[in-house]
Amino acid sequence: MKQNFTIPAAALAQVPVFVAVAGRRSFTAGARAVGMSPSAASQAVARLEQALGAALLVRTTRSVSLTDAGSRLLAEAGPALSTAFAALEAVRAARDAPSGVLRLNVPRVTCRVALPRILAEFARRYPAVRAEVVVDDRRIDIVEGGFDAGIRSREAIQKDMIRVRLSPPLRMAVVGSQRYFAARGRPRHPRELVKHACLGWRLPSGDGEYRWEFSERGRAIEVAVSGPVFTNDVDFLLACAEQDLGLAFVAEPEAMRQLAAGRLEKVLDEYSAELAGLFLYFPRAARDLPKLRAFVACVKDVGAASPSRSSETKA
């Protein structure tokens with residue numbers, strides 16, 4: 001009948017001491033290798049022998065030799081310990097090396113402002129890290145959602161987060177097609193927008209429609225607009241503007257391709273408001289994660305080439 005035999009965990013802790021002594025045939029040399037005194041090493045081996053119920057070493061005043069049981073344990077445990085120690089050392093050496101998946105939650109505007117350029121540099125520097133980017137304009141709890149970091153405007157970031165500037169300030173723009181302007185004319189002042197077909201932007205919170213914001217001689221102006229389309233997708237908004245449905249109000253970089261190609265034109269540029277820009281943010285407890293620390297460094301380095309240098313602060 002097979003007997004169940006459980007070795008106490010405390011006894012297992014003595015196996016490295018035995019391997020060190022047995023491999024060197026010396027308590028003095030073995031003890032030095034594991035960082036203890038010869039007497040402590042002798043006691044550790046004795047505890048292991050007691051737990052196993054078998055003698056492992058034959059000790060004399062001049063030498064140390066192995067019993068049959070000791071030879072078998074050294075032959076089987078020695079290579080296993082070497083493998084285990086090598087694995088532990090690899091983990092220790094890699095603890096500061098960025099690796100794994102970096103999960104980011106970002107708004108749509110980030111896809112056209114700074115982030116692709118930063119990710120290209122990040123991928124070049126840290127090929128062992130894979131970036132998972134979830135595009136979502138809603139404000140979420142990034143910790144609850146399992147994200148390492150998020151990107152939002154300054155006012156959308158919780159007060160207890162660390163933030164790092166990702167983009168320079170963003171200018172807003174009112175854009176429309178040539179055919180629309182030919183048919184409806186060009187507004188000369190933001191107040192005239194109430195007479196135009198304006199493509200509405202649904203707030204990410206779902207609480208209503210965004211009021212278009214402008215600046216006149218340092219004074220903020222908000223205009224409640226209306227029109228034939230109301231959406232939460234900037235690409236659809238711009239596509240509607242290209243089809244002459246009305247005017248769109250977007251961050252200027254979002255319409256850069258359409259403006260450069262002449263498919264859309266800007267109006268009211270002298271009244272454009274400037275937003276603070278976009279910020280990477282994350283919990284203070286996550287700031288020492290190697291992959292996140294590496295991404296922050298990349299954000300700062302790439303951002304340094306823009307008009308507004310990146311900086312890390314507590315929000």
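The values are calculated or read from the model by the stated rules, or taken from the named source; none is laboratory data. Given the structure is predicted, the values throughout are model-derived calculations rather than measurements. All Cβ positions, even for glycine, are placed from backbone atoms using ideal geometry, and neighbour counts span all protein chains on display.
Would you mind finding the one in Pro187, Pro204 that is in contact with a helix residue (DSSP H, G or I) (Cβ under 9 Å, 6 or more places away or on another chain) and at pLDDT 95 or above?
Values: Pro204 fails: at pLDDT 95 or above.
The unique qualifying residue is Pro187.
Is the stretch 81-88 home to any residue that is at pLDDT below 90, under 23 Å from Ala255 (Cα atoms) and either in contact with a Gly (Cβ under 8 Å, 6 or more places away or on another chain) or outside the structural domain of Pro253 (by TED's automatic domain parsing) (or both)? Before you say what the answer is, go through the steps one by one.
Let us first name the residues in the stretch 81-88 that are at pLDDT below 90, namely 81-88.
With under 23 Å from Ala255 (Cα atoms) added as a condition, the list becomes none.
No, the stretch 81-88 contains no residue that is at pLDDT below 90, under 23 Å from Ala255 (Cα atoms) and either in contact with a Gly (Cβ under 8 Å, 6 or more places away or on another chain) or outside the structural domain of Pro253 (by TED's automatic domain parsing) (or both).
List every residue pair whose Cβ atoms sit under 8 Å apart, with the two residues 6 or more apart in sequence or on different chains, where the first one lies in the stretch 20-40 and is of a type in the set (A, V, I, L, M) and the second, anywhere, is surrounded by fewer than 15 Cβ atoms within 10 Å (Cβ to Cβ) and in a loop (DSSP other than H, G, I, E, B).
Listed pairs, sorted by first residue: Ala31/Ser37.
What are the residues in the stretch 171-193 that are among the hydrophobic types (A, V, I, L, M, F, W, C) and surrounded by fewer than 21 Cβ atoms within 10 Å (Cβ to Cβ), if any?
Once the filter is applied, which keeps residues that are among the hydrophobic types (A, V, I, L, M, F, W, C) and surrounded by fewer than 21 Cβ atoms within 10 Å (Cβ to Cβ), the stretch 171-193 yields Met172, Phe181, Ala182, Ala183.
From the list Val250, Val296, which one is among the aliphatic types (A, V, I, L, M), part of a strand (DSSP E or B), within 27 Å of Gly150 (Cα to Cα) and in contact with a Leu (Cβ under 9 Å, 6 or more places away or on another chain)?
Val250
Can you name the residue in the stretch 227-244 that is surrounded by 14 or more Cβ atoms within 10 Å (Cβ to Cβ) and in a loop (DSSP other than H, G, I, E, B) and, of all such residues, is modelled with the highest pLDDT?
Looking at residues that are surrounded by 14 or more Cβ atoms within 10 Å (Cβ to Cβ) and in a loop (DSSP other than H, G, I, E, B), I get Asp244.
Can you pull out the residues in the stretch 89-135 that are assigned to a loop (DSSP other than H, G, I, E, B) and surrounded by 14 or more Cβ atoms within 10 Å (Cβ to Cβ)?
Matches in the stretch 89-135: Pro98, Ser99, Pro107, Val113, Ala114, Tyr126.
Look at the stretch 137-184 and say how many of its residues are assigned to a loop (DSSP other than H, G, I, E, B), modelled with pLDDT under 95 and closer than 26 Å to Gln243 by Cβ.
1
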